[in-house]
Amino acid sequence: MKYSKQRAEILKTVTENRIHPTADTVYTLMREKMPDISLGTVYRNLNLLAENGDIRKIPVPNGSDRFDSRMNPHEHMICTECGEVFDIDMDIMSNVKPLADREHNFDVSSCSLTVYGICAKCAEKNKNY
């Protein structure tokens, strides 16, 4: 992938914002640094960075995809109330790969897990209603 100043700044923005930002959030933050950048450029470069393995794209059902620069093995939890994305530090490959091989003679090359539920803040808020 060819170097692009815009792409480098987009990657830096995702890396500096550990909130699993959406493309719209990245765009808003990027406009402070590069006022002429377009939303299409942000979307295109985020997808290129994800395809290249520089960041992770986290699909969110009924919501905007999120982006994560943390590439070490970990999984995600998504609150179905507020949409916040949380990291789970667990390597499921160490469990899934041997099980899939033993039980199904299947050679797993990658695996991802997303857990859906309600975060503590939303649970507390719902309890008060």
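The table below lists the values:
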quantity	calculated
Within the stretch 63-106, tally of residues that are at pLDDT 90 or above, more than 13 Å from the chain's Cα centre (by Cα) and among the small types (Gly, Ala, Ser)	1
VAL60 under 20 Å from TYR27 (Cα atoms) and modelled with pLDDT of 90 or more	no
Residue among ASP54, ASP65, ASP101 that is of a type in the set (Asp, Glu), in contact with an Asp or Glu (Cβ under 8 Å, 6 or more places away or on another chain) and surrounded by 11 or more Cβ atoms within 10 Å (Cβ to Cβ)	ASP101
Residues within the stretch 104-129 that are among the polar types (S, T, N, Q) and surrounded by fewer than 10 Cβ atoms within 10 Å (Cβ to Cβ), tallied	4
Single condition PRO35 does not satisfy, out of (1) assigned to a helix (DSSP H, G or I); (2) surrounded by fewer than 11 Cβ atoms within 10 Å (Cβ to Cβ)	(1)
Within the stretch 78-129, tally of residues that are under 22 Å from THR25 (Cα atoms) and acidic (Asp, Glu)	3
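The values are calculated or read from the model by the stated rules, or taken from the named source; none is laboratory data. Quantities reported herein were computed from a predicted structural model and do not represent experimental measurements. A quick note on method: Cβ atoms are made from the backbone with ideal geometry, for glycine too, and the neighbour counts reach across all protein chains shown.
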